[in-house]
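Here the structure is laid out as structure tokens; the discussion comes afterwards.
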Amino acid sequence: PRVAAVLTAAGSGTRFGSAVPKALVPLAGRPLVAIAAERLAASGQVSEIVVTAPAGYLDEIHAAVLSGADLGPGVRVHVVAGGISRQASVAAGLASLTSTAQVVLVHDAARPLVSPTLVQRLVATVVAGHDAVIPAVPVIDTIKEVDDGDPPVAVRTVDRAALRAVQTPQAFRADVLRRAHEAGAARAADEATAVSDDAGLVEALGLPVHVIAGEQAAMKVTTLHDLAIAELYLREGA
Ligand code: CTP
Ligand code: MG
């Protein structure tokens, strides 16, 4: 199938706290966004990558990908300005896809160490007939629901066996993802917060989201401390 990817890199990285956008921060010498793009391309599945960039950083993000990543032949990369929320950024990326892609991957530059194999498994699962497919890992901590007191009081302990921590890339039949984002944008007009992942928009349409095994190395880099952990995964062969 024709596969395109929206690679989100338009966040500012507030919790990371660097002077440049988080996607430009180097991991073992290369910007996060370049490593993420290279791993999408290394799957051999992706023919177009649109990167969402913060306003004022479009050229810099483009240069970081072109000089920092070996994308091989046949992968077209372009950059668009992101939006105010991650959801708005993905919508902008989707709108700018030129290919008539049948499958769209949505991936965060903040998860640079996803394996090409996971990308292949995601695409294969969509091809096998699932409209939406996400990688997820079991939750390790005990999770409790608390009330809004100060300090809060534990209300109940959630059954951890039924919980998963969700990662990216998330893979979709292209028409389903477009429909989910259109409905999501219409809802966002009267809701304060956007949904935090694309699969959530598909769930809101009442469609099933298929879950496959994720990878520890596909962890999200949120803080400086996470960058050190990602470096450890790299050294261990991720
Ligand atoms: N993102 C985006 N557009 C936004 C906000 C986020 O494209 N308006 C992207 C980020 O660049 C990142 C991914 O969404 O690749 C996940 O977001 P997160 O890890 O929260 O990154 P930031 O929003 O940059 O970090 P912070 O929340 O700490 O500011
Ligand atoms: Mg954020």
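Please treat every number below as a calculation from the coordinates, not as lab data. Remember, it's a predicted structure, so these values are computed and weren't measured experimentally. With ideal geometry, Cβ positions are generated from the backbone for all residues, glycine too; neighbour counts draw on all protein chains shown.
Side notes on the structure shown:
- Linear extension gain, D175 paired with L66, 0.36 nm per residue minus alpha-carbon span: 36.3 nm
- Each Lys and Arg adds +1 at its Cβ and each Asp and Glu adds -1 at its Cβ; summed about the Cα centre, the chain shows a dipole of about 500 debye.
- Panel order for D175, D148, by other beta carbons found within 10 Å of each beta carbon, from fewest to most: D148, D175.
- Against the empirical 2.2 N^0.38 Å (N residues), the range 132-213 has a Cα radius of gyration ratio of 1.33.
- Highest mean first, the peptides 125-136, 91-102, 22-33 sorted by other C-beta atoms within 10 Å per residue fall in the order 22-33, 125-136, 91-102.
- Tensor-based shape of the chain (alpha-carbon gyration tensor, a/c under 1.5 rounded, otherwise prolate or oblate): rounded
- 222 nm mean residue ellipticity, helices alone, for the chain (DSSP H n ≥ 4; -39,500 (n - 2.57); rounded to 500): -10000 deg cm²/dmol
- Residues S115, S67, arranged from fewest to most other Cβ atoms within 10 angstrom of their Cβ, appear as S67, S115.
- Selected from V146, P112, G17, residue furthest toward positive end of dipole (the chain; charges at beta carbon): P112
- For I212, distant residues with modelled amide H under 5 Å away: I134, A136
- The residues packed around P169, meaning those with a beta-carbon under 12 Å from its beta-carbon, carry a net charge of -1 if Lys and Arg are +1 and Asp and Glu are -1.
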